[in-house]
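Values in this text are rule-based calculations from the coordinates and carry no lab data. The structure presented is a predicted model; accordingly, all values stated were derived computationally and were not measured. For neighbour counting, all protein chains shown are included, and Cβ atoms are generated from backbone atoms with ideal geometry for every residue, glycine included.
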Amino acid sequence: MNLEALRELEYKKCADALAELLGLDWDTKERILKCFQRTGIKNFFQHLESADLAPETSGKLQSIQALIEILDNKRGRI
């Protein structure tokens, strides 16, 4: 499997996991997947406002972003 195919698979798995975790509909999951494909996952979270998602969804994603940052910071200290 080449790098691009592997990246695509990871984007899909992440979008699926977010959809399951947040109870998102198919359209929202597909919008998130398209954003991942355009910008990457890290940039997606850094620029959530440009994703054009419902305010409730954006709020949930901001909470997930905060958790990711906390875990990254803790990992950096170990």
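Before moving on, here are some points about what is shown:
- Hydrophobic long helices, here whole DSSP H runs in the chain with Kyte-Doolittle means of at least -0.5 and Cα atoms spread over 27 Å or more along the helix axis, are found at 3-22.
- Once Rg/Rh (Cα atoms, Kirkwood Rh) is calculated for the structure shown, the corresponding label among [x] 0.92; [y] 0.99; [z] 1.30 turns out to be [y].
- Per DSSP, loop trypsin sites (Lys or Arg not before Pro) in the chain with at most 13 further Cβ within 10 Å: none
- Using the Cβ-Cβ distance between Asp72 and Ala17 with R0 = 22 Å, the FRET efficiency computed as 1/(1 + (r/R0)^6) comes to roughly 0.80.
- When the chain is treated as a GNM with alpha-carbon contacts under 10 Å, the residue of Ala51, Ala19, Ala66 showing the greatest mean-square fluctuation is Ala66.
- Summing +1 for each Lys or Arg and -1 for each Asp or Glu among the other residues whose beta-carbon sits under 15 angstrom from that of Leu18 gives 0.
- GNM result for the chain, Cα springs below 10 Å: residue of Leu48, Leu67, Leu33 fluctuating most strongly: Leu67
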